[in-house]
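Working notes, beginning with the structure itself.
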Amino acid sequence: MLEFLKHRKQLPLSIDKNTPITEVRYVAIDTELTGLNERKDSIISIGAVRMTGTKIELGNTFHQLVKPQSKFKPDSVVIHGITPSDVLEKPDIDSILTDFLTFCGSDVLIGHCIAIDMSFINKDMKRVFGNPVSNPVIDTYNVYEWLKMKLPTSSFFSSPLKDISLYEIAKCFDIPVRGAHDALVDAFIAAQLMQRFIPALIGAGIENIGDLLVIGHPLEGGDKFKTSTGIANF
């Protein structure tokens with residue numbers, strides 16, 4: 001299986017860009033981190049939930065605590081509540097990547113400010129497999145910004161935000177944020193955002209995944225989000 005995945009990641013995954021966004025299989029993902037420095041910090045938790053169109057598959061999830069490759073920071077522990085003892089006997093990221101990739105399959109990955117998550121995942125992907133994740137990726141924040149520009153009078157997109165965090169935007173759609181900064185919970189919140197976005201996207205003329213991939217393409221490196229108020233994604 002490991003050799004198969006290693007070979008698969010050498011080839012870009014293909015997707016029919018004409019597929020309606022209501023028929024696409026998505027995997028909403030989130031990570032918890034020891035910090036935001038890609039060179040010094042590492043993943044301590046990965047969560048993912050699958051959805052097809054607007055249907056979230058609550059029984060089809062992935063969640064794993066990870067023994068990190070770097071030291072814990074007190075400020076990160078305060079945010080996500082994961083302590084060194086919680087992950088002391090958990091598998092390291094090298095052991096988890098294969099299962100994570102298998103879960104994701106060839107589905108479209110979605111997440112809020114997902115460039116941050118992908119930068120950490122791909123750092124380990126390149127080290128273990130020699131290549132980054134090849135799945136198409138969509139940033140729910142960029143989709144939100146596009147919809148806000150196209151639908152400025154909509155009550156969902158006209159509300160002023162304190163910051164650009166997942167939780168602040170989720171409140172605009174009455175999505176509960178209890179248990180925030182848990183990787184699986186945050187992945188589920190991102191999935192619910194996409195669930196709300198799809199009808200609005202269709203109303204704004206975005207009907208196929210090819211167009212959605214253009215407007216939802218994540219910013220490289222996620223630097224904008226690392227320095228923005230409220231985006232402490234670890």
Conditions (1) assigned to a loop (DSSP other than H, G, I, E, B); (2) surrounded by 16 or more Cβ atoms within 10 Å (Cβ to Cβ); (3) among the charged types (D, E, K, R): number failed by R196: (1)
Single residue of the range 71-100 satisfying the filter (aliphatic (A, V, I, L, M) and out of contact with any strand residue (DSSP E or B) (no Cβ under 6 Å at 6 or more places or on another chain)) that is modelled with the lowest pLDDT: V78
Selection from the range 153-162 of residues that are surrounded by fewer than 19 Cβ atoms within 10 Å (Cβ to Cβ) and touching a helix residue (DSSP H, G or I) at 6+ places or on another chain (Cβ under 9 Å): S154, S155, F156, S158, S159, L161, K162
Options N122, N131; residue that is within 15 Å of the chain's Cα centre (by Cα), surrounded by fewer than 22 Cβ atoms within 10 Å (Cβ to Cβ) and of a type in the set (S, T, N, Q): N122
Qualifying positions in the range 168-179 - surrounded by fewer than 18 Cβ atoms within 10 Å (Cβ to Cβ) and either assigned to a helix (DSSP H, G or I) or under 14 Å from the mean Cα position of the chain (by Cα) (or both): E168, K171
Number of the condition not met by F156 [criteria: (1) more than 23 Å from T61 (Cα to Cα); (2) not in a helix (DSSP H, G or I)]: (2)
Tabulated pairs, the range 65-89, first of a type in the set (S, T, Y), second at pLDDT 75 or above, C-beta under 7 angstrom, 6+ apart or interchain: S70/T34; S70/K40; S70/D41; S70/S42; S76/L33; S76/T34; S76/G35
D124 being part of a loop (DSSP other than H, G, I, E, B) and over 16 Å from L219 (Cα atoms): no
Close pairs (8 angstrom Cβ cut-off, 6 or more residues apart or separate chains): touching a residue at least 40 places away in the same chain (Cβ under 8 Å) and aliphatic (A, V, I, L, M) in the range 167-188, crowded, with 18+ Cβ neighbours inside 10 Å and assigned to a loop (DSSP other than H, G, I, E, B) anywhere: I169/H112
Criterion violated by A28 - all others in (1) touching an Asp or Glu at 6+ places or on another chain (Cβ under 7 Å); (2) under 17 Å from G105 (Cα atoms); (3) surrounded by 20 or more Cβ atoms within 10 Å (Cβ to Cβ) satisfied: (1)
Odd one out for A187, checked against (1) loosely packed, with under 15 Cβ neighbours inside 10 Å; (2) farther than 18 Å from H217 by Cβ; (3) at pLDDT 95 or above: (1)
Residue satisfying all of: in the range 154-171; of a type in the set (S, T, Y) and modelled with pLDDT under 85; nearest to A183 (Cα to Cα) among these: S159
Some residue of the range 140-152 being of a type in the set (V, I, T), surrounded by 18 or more Cβ atoms within 10 Å (Cβ to Cβ) and within 14 Å of the chain's Cα centre (by Cα): yes
Entirely in the range 44-113, the helices (runs of 4 or more DSSP H) that have 1 or more residues that are crowded, with 20+ Cβ neighbours inside 10 Å, of a type outside the set (S, T, Y) and over 15 Å from the mean Cα position of the chain (by Cα): 74-80, 93-104
C104 vs. criteria in contact with a Gly (Cβ under 9 Å, 6 or more places away or on another chain) and within 25 Å of S165 (Cβ to Cβ): no
Looking only at the range 205-226, and only at residues there that are modelled with pLDDT of 95 or more and outside any helix (DSSP H, G or I), the one that is surrounded by the fewest Cβ atoms within 10 Å (Cβ to Cβ): G205
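The values are calculated or read from the model by the stated rules, or taken from the named source; none is laboratory data. From a predicted model like this one, the values you see are computed outputs, not experimental measurements. Cβ coordinates were reconstructed from backbone atoms using ideal geometry, including for glycine residues, and neighbour counts include every protein chain displayed.
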